[in-house]
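So the structure is just underneath, and the comments pick up after that.
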Amino acid sequence: MTRRDRVALGLLVSAQFLVMLDTSIVNVALSSIQSELGFGPAAVTWVVNAYVLAFAGLLLLSGRAADLFGRRRIFVVGASLFTVGTLIAAAAVNKELLIIGRVVQGVGAAGLSPAAMSLLLGTFPAAQRARAMGAWGAASTLGGATGVVSGGVLAGTVGWRAVFLVTVPVSLAAIALARRVLVEDASGARRTVDWAGAVAVTGAVITLVHGAVDAVDHAWTSPRVVGVFVVSMVLMAAFVVIERRATDPLLPLELFRSRLLRRGTAVALLGGATRGSTFVLVALYFQQVLAMSPEQAGFAMVPTSLTGFAVSLAVLPRVLGAIGPVRSMVLGLVVLAAGHLWLANAPTGSAYVVAVLPGLLLVATGVALSFTTTTMVLASAVPATHTGLASGLAGASMQVGGALGTAAFIVIGISSGRPDEGALDAAGFSAAFTAAAVVALLTAALGATLARPRS
């Protein structure tokens, strides 16, 4: 690996670290933001939701745009938008400006992530790809977990605006270095964007995630939640019709003739449900059952971050080299299920080291082994000219799965225990973790079929 390749790898994984960091760094600062800007209890959740919805909704469009207009170009545009959104959020003097900044951040992140992944897959040949993907996984794991800890520290010592400003040097460096170390891919003939399909699928994803978020606070059968889900299904049906008629579709439906892509997308969705919900459930478990403060809960997640980082860098490349991405993904999902089952059956009253830490280490290992390999599986199912689209499809599937899984498992926990004012009790968390383990095992079984040769 040349020096330029090493710098390029560092740049690409730093961008992914930035994207994952910003999904969690704001959470602990919400209380400070609420008190200073006057958010209501429900409205303050939009500081998080605005970013998540924009990010999830635009992943497919931005991934396809990277294939059409050049991956380096979309990477730079995404980094620039992310920086602008960050500065708007940090300088916000009212609720509306902060939400606008978070939306712009989400749009930028949606451009950064699939473009960075497709650049990584295109830059590094098969012999070097395992190591590169290990670094990508380490950045993803470390970014999400670091956000929980650093958000609390920065909000408590410097103020909530520092939560946003801390990411600016990284995004500016990404913009400055991209043209020097990233090779622009040949974009070929210019084609028009399927805007009708883009609007339909973006609306479908946003409404689906919005419905899942609302389902945490409202019954799944409430008119509000059902109505949002119906709108999402109508938009998705419209998207399929549009793609069948489009001369240059956003998502060529003939790609789904591939058994690997069809089942791989289902694995990404279901696997995202188990992975995306894990750290939300654990953070709530720390505070609602173990009575930890937000700061204590953040520090209690440090072993998870360190384990995920170590497994991604040292273990994942070896596992990939030995058994390939499909079997690595399946192994990760099984280990993830084991971690959920440990947490579901943790003895009440036991110390953190005995009751929680082993489960967290298993969960971190499972996430590290299954997260990046899922994207690799989807990317291998499409032509090289569609790797940006595959990265966007994987990201969108995992984001939607995470939102649906979090809502579903919390609802299961509430219905199985005796919640006090919406907080889950020990029995409720046990049911939620058990449900997550069952989904992880079913997803592993589905993923295992991808490793079998077709008869």
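Based on the alpha-carbon gyration tensor of the range 87-177, what equivalent-ellipsoid semi-axes (square roots of 5 times the eigenvalues) come out, in whole Å, largest first?
On the way: eigenvalues 176, 53, 22 Å².
Three semi-axes, in Å: 30, 16, 10.
If I take every Cα pair under 8 Å that is 6 or more residues apart in the chain, average their sequence separation and divide by the length, what percent do I get for the relative contact order? Could you put the intermediate results ahead of the total?
Details: 808 pairs, mean separation 99.8, N = 455.
Over the chain, the number comes to 22 percent.
Run the paramagnetic zone check for Phe256: 7 angstrom along Cα to Cβ, then residues of the range 40-65 with backbone nitrogen under 20 Å.
56-65
Just to check, using Stokes-Einstein with a Kirkwood Rh over alpha carbon pairs, what's the diffusion coefficient of the range 308-455 at 10 °C and 1.306 mPa s in µm²/s? Intermediate results must be reported in sequence, preceding the final value.
Details: Rh = 16.6 Å.
Value of D from the Cα-based Kirkwood radius: 96 µm²/s.
For the chain, what is the mean residue ellipticity at 222 nm derived from helices alone (per DSSP H run of n ≥ 4: -39500 (n - 2.57); sum divided by total residues; nearest 500 deg cm²/dmol)?
Working: 18 runs with 356 residues, N = 455.
Taken over the chain, the calculation gives -27000 deg cm²/dmol.
With every protein chain present, what accessible area does Val84 have (1.4 Å probe, heavy atoms only), rounded to the nearest 10 Å²?
Here the accessible area works out near 80 Å².
Expected output is a single nm value to one decimal: the length gained when fully extending between Arg180 and Thr385, i.e. 0.36 nm times separation in residues minus the C-alpha distance. What is it? Let's see the in-between values first.
Working: separation 205, 0.36 × 205 = 73.80 nm, distance 2.28 nm.
Fully extending the segment from Arg180 to Thr385 adds 71.5 nm.
Under a crude label model (7 Å from the Cα following the beta-carbon direction), how far is Thr157 from Arg245 in nanometres?
Each label point is offset 7 Å from its Cα along the Cβ direction, giving 5.9 nm.
For the range 105-177 and the range 216-230, write down the distance between their C-alpha centroids in whole Å.
33 Å
Once R0 is set to 22 Å, what does the formula 1/(1 + (r/R0)^6) return for the Cβ-Cβ distance between Ala445 and Val48, expressed as a FRET efficiency to the nearest 0.05?
About 0.10, to the nearest 0.05.
With viscosity set to 1.306 mPa s and temperature to 10 °C, compute the Stokes-Einstein D of the range 270-315, Rh being the Kirkwood radius across alpha carbon pairs; µm²/s, no decimals.
Once the numbers are plugged in, D ends up at 137 µm²/s.
Report the normalised scattering of the chain as log10 I(q)/I(0) at q = 0.10 Å⁻¹, calculated by the Debye formula with identical scatterers on the alpha carbons.
Log-scaled intensity ratios, in q order: -0.67.
How far apart, in nm, are two points set 7 Å out from the Cα along the Cα-to-Cβ line at Ala91 and at Ser35?
Spacing of the two 7 Å Cα→Cβ label points: 2.7 nm.
Using the Cα atoms of the range 1-154, I'd like the radius of gyration and the largest Cα-Cα distance, Dmax, both in angstrom.
When restricted to Cα atoms, the range 1-154 yields Rg and Dmax of 16.4, 54 Å.
Could you please report the charge total around Ala237, scoring K, R as +1 and D, E as -1 over all other residues with beta-carbon less than 15 angstrom from its beta-carbon? Before the final figure, lay out each step's value.
Working: positive: Arg244, Arg245; negative: Glu243.
Cβ neighbours under 15 Å give a net charge of +1.
If each of Phe69 and Val199 carries a label point 7 Å out from its Cα toward its Cβ, how far apart are those two points in nm?
Rounded to a tenth, the inter-label distance reads 1.8 nm.
Give me the percent of Cα-Cα pairs in the range 20-60 that sit more than 11 Å apart, rounded to a whole number.
Tail fraction, whole percent: 65.
Starting from 0.36 nm per residue, how many nanometres of slack lie between Met236 and Asp5 once their C-alpha separation is accounted for?
Values: separation 231, 0.36 × 231 = 83.16 nm, distance 3.98 nm.
Net length gain for the segment: 79.2 nm.
Past the 20 angstrom mark, what percentage of all C-alpha to C-alpha distances in the range 250-369 do you count?
Working: 3526 of 7140 pairs.
The answer is 49 percent, as a whole percent.
Evaluate the Debye formula for the range 117-267 with equal point scatterers sitting on the alpha carbons, no solvent, and hand back log10 of I(q)/I(0) at q = 0.12, 0.14 Å⁻¹, in q order, two decimals.
For the range 117-267 at q = 0.12, 0.14 Å⁻¹, log10 I(q)/I(0) is -0.96, -1.21.
Report the one residue of Ala310, Leu270, Ala283 whose Cα lies farthest in the direction of the positive end of the charge dipole of the range 250-361 (charges on C-beta: Lys and Arg +1, Asp and Glu -1; origin at the Cα centre).
Toward the positive end, the furthest listed residue is Leu270.
Which FRET efficiency value, to the nearest 0.05, do you get for Leu165 and Ser222 by plugging their Cβ-Cβ distance into 1/(1 + (r/R0)^6) with R0 = 45 Å?
0.70
Per the 1.4 Å probe, what fraction of the accessible area of the range 274-365, in percent, lies on carbon and sulfur atoms?
On the way: 2750 of 3820 Å².
Roughly 72 percent of what the probe reaches on the range 274-365 is carbon or sulfur.
Mind checking the alpha-carbon convex hull of the range 196-284 and giving the volume per residue in Å³?
105 Å³
Enter the accessible area per residue of the chain (Å², integer; probe 1.4 Å; all protein chains in place). Kindly include the intermediate steps, with their values, before the conclusion.
On the way: 18220 Å² over 455 residues.
Dividing the accessible area of the chain by its residue count gives 40 Å².
Towards the positive end of the charge dipole of the chain, with charges on Cβ (+1 Lys, Arg; -1 Asp, Glu), say which of Ile323, Ser113, Ser293 has the farthest Cα.
With unit charges placed on the Cβ atoms, the residue in question is Ile323.
Any chance you could run the full-extension gain for Arg318 through Gln287? It's 0.36 nm times the residue separation minus the Cα-Cα distance, nm to one decimal. List each step's numbers first, then the result.
Numbers: separation 31, 0.36 × 31 = 11.16 nm, distance 3.65 nm.
Residue separation times 0.36 nm, minus the Cα-Cα distance, leaves 7.5 nm.
Expressed as a whole percent, how much of the Cα-Cα distance distribution for the range 240-311 exceeds 21 Å?
Details: 1397 of 2556 pairs.
That fraction is 55 percent.
The values are calculated or read from the model by the stated rules, or taken from the named source; none is laboratory data. These figures come from a predicted structure and were not determined experimentally. Note: ideal-geometry Cβ built from the backbone for every residue, glycine included; neighbour counts use all protein chains shown. When the accessible area is computed, the model is the full protein with side chains, heavy atoms only, and any ligands, DNA or RNA have been set aside. Shrake-Rupley method; radii C 1.70, N 1.55, O 1.52, S 1.80 Å.
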